[in-house]
Amino acid sequence: MSLEERIQHVDERIQAACEASGRNRESVNVIAVTKYVSAEMTEKVLGSGLVHIGENRWQNAEEKWNTLGHRGIWHFIGHLQTNKVKDVIGKFPYIHSLDRLSLAREIEKKAAQLDIKVQCMLQVNISGEESKYGLQPEQAVPLLREIREFNHIQVAGLMTMAPFEEESERTRPVFRGLRELRDDLNRQALTHEPLTDLSMGMSNDFEIAIQEGATWVRLGSVLVGKEEG
Ligand SMILES: *Cc1c(COP(=O)(O)O)cnc(C)c1O
């Protein structure tokens, strides 16, 4: 399938998932995850009209960002090492993987120097899989209380990754759990503004995530494809 065909096909699936759950198509934003593809392919993705680009490692993103950074809106979706904050902040207006206070402090420091505000998602490990990064759900409240004092971090919402399942329906409890956690945190009014965003759903499970309230789906292989090597 060509890129155009994949974009069309994914869009139809998003529409259907929205219809099935009574949601507005406009409430679901697509992040094209370009970590498997070259700068040339990333340029085609931007040329196709997709604006949100997701990368999970600065080492892989650097070359692409240096040529294309001014064109898209860049989302950092992978585990962020504290010593990479200086490279990423100022280039990626969205960080989906805020999972510890030490990282929040570094982001705040760098963003304050640049006089910018960074949109962050708290990454939460809902599934409890040991291999996954992210906070335990019960750590969200104390972390939000600390981050509330940081003027250069806006916590927009929450992010999670579901385990890979052959039967995607089995991911539903993870996505539902993230939505319920967001709603619960909002009832406690821990942030200046309510948490609105839910970053959840990948190639294998995005329709389930949309039915459970995803506002950002992060799509690599199904949308952008995968280049060998
Ligand atoms: C790679 C990656 C994705 C996209 O993966 P696909 O299954 O190819 O859609 C989404 N989110 C994160 C955090 C990733 O690392």
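The values are calculated or read from the model by the stated rules, or taken from the named source; none is laboratory data. Here the structure is a predicted model, which means the values were calculated and not measured. Every residue, glycine as well, gets a Cβ built from its backbone with ideal geometry; the counts of neighbours run over all protein chains shown.
Quick rundown of the values:
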{"item": "Scan of segment 203-212 for residues that are touching a residue at least 40 places away in the same chain (Cβ under 8 Å), within 13 Å of the ligand (Cβ to nearest atom) and either surrounded by fewer than 21 Cβ atoms within 10 Å (Cβ to Cβ) or of a type outside the set (A, V, I, L, M) (or both), ordered by number", "result": "Asn204, Asp205, Phe206, Glu207"}
{"item": "Qualifying residue in segment 152-159 (condition: over 21 Å from Lys35 (Cα atoms) and within 14 Å of the ligand (Cβ to nearest atom))", "result": "yes"}
{"item": "Single condition Glu180 does not satisfy, out of (1) surrounded by fewer than 21 Cβ atoms within 10 Å (Cβ to Cβ); (2) over 14 Å from Pro137 (Cα atoms); (3) without any contact (Cβ under 8 Å) to a residue 60 or more places away in the chain", "result": "(2)"}
{"item": "Enumeration of residues in segment 11-31 that are surrounded by 20 or more Cβ atoms within 10 Å (Cβ to Cβ) and assigned to a strand (DSSP E or B)", "result": "Val30, Ile31"}
{"item": "Residue among Glu146, Glu130, Glu169, Glu138 that is surrounded by fewer than 16 Cβ atoms within 10 Å (Cβ to Cβ), more than 16 Å from the ligand (Cβ to nearest atom) and not in a helix (DSSP H, G or I)", "result": "Glu130"}
{"item": "Unique residue being within 12 Å of the chain's Cα centre (by Cα), modelled with pLDDT of 95 or more, of a type outside the set (A, V, I, L, M) and away from the ligand (no atom under 13 Å from the Cβ) when the list is Thr196, Thr215", "result": "Thr215"}
{"item": "Positions within segment 32-51 being in a loop (DSSP other than H, G, I, E, B) and within 15 Å of the ligand (Cβ to nearest atom), in sequence order", "result": "Thr34, Lys35, Tyr36, Val37, Leu50"}
{"item": "Test set (1) surrounded by 17 or more Cβ atoms within 10 Å (Cβ to Cβ); (2) in a helix (DSSP H, G or I) - Gln8 fails condition number", "result": "(1)"}
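Here is a yes/no grid of residues against (1) of a type in the set (Lys, Arg); (2) part of a helix (DSSP H, G or I):
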| residue | (1), (2) |
| --- | --- |
| Trp65 | no, yes |
| Trp74 | no, no |
| Leu80 | no, no |
| Asp87 | no, yes |
| Phe92 | no, no |
| Lys109 | yes, yes |
| Ala112 | no, yes |
| Ile116 | no, no |
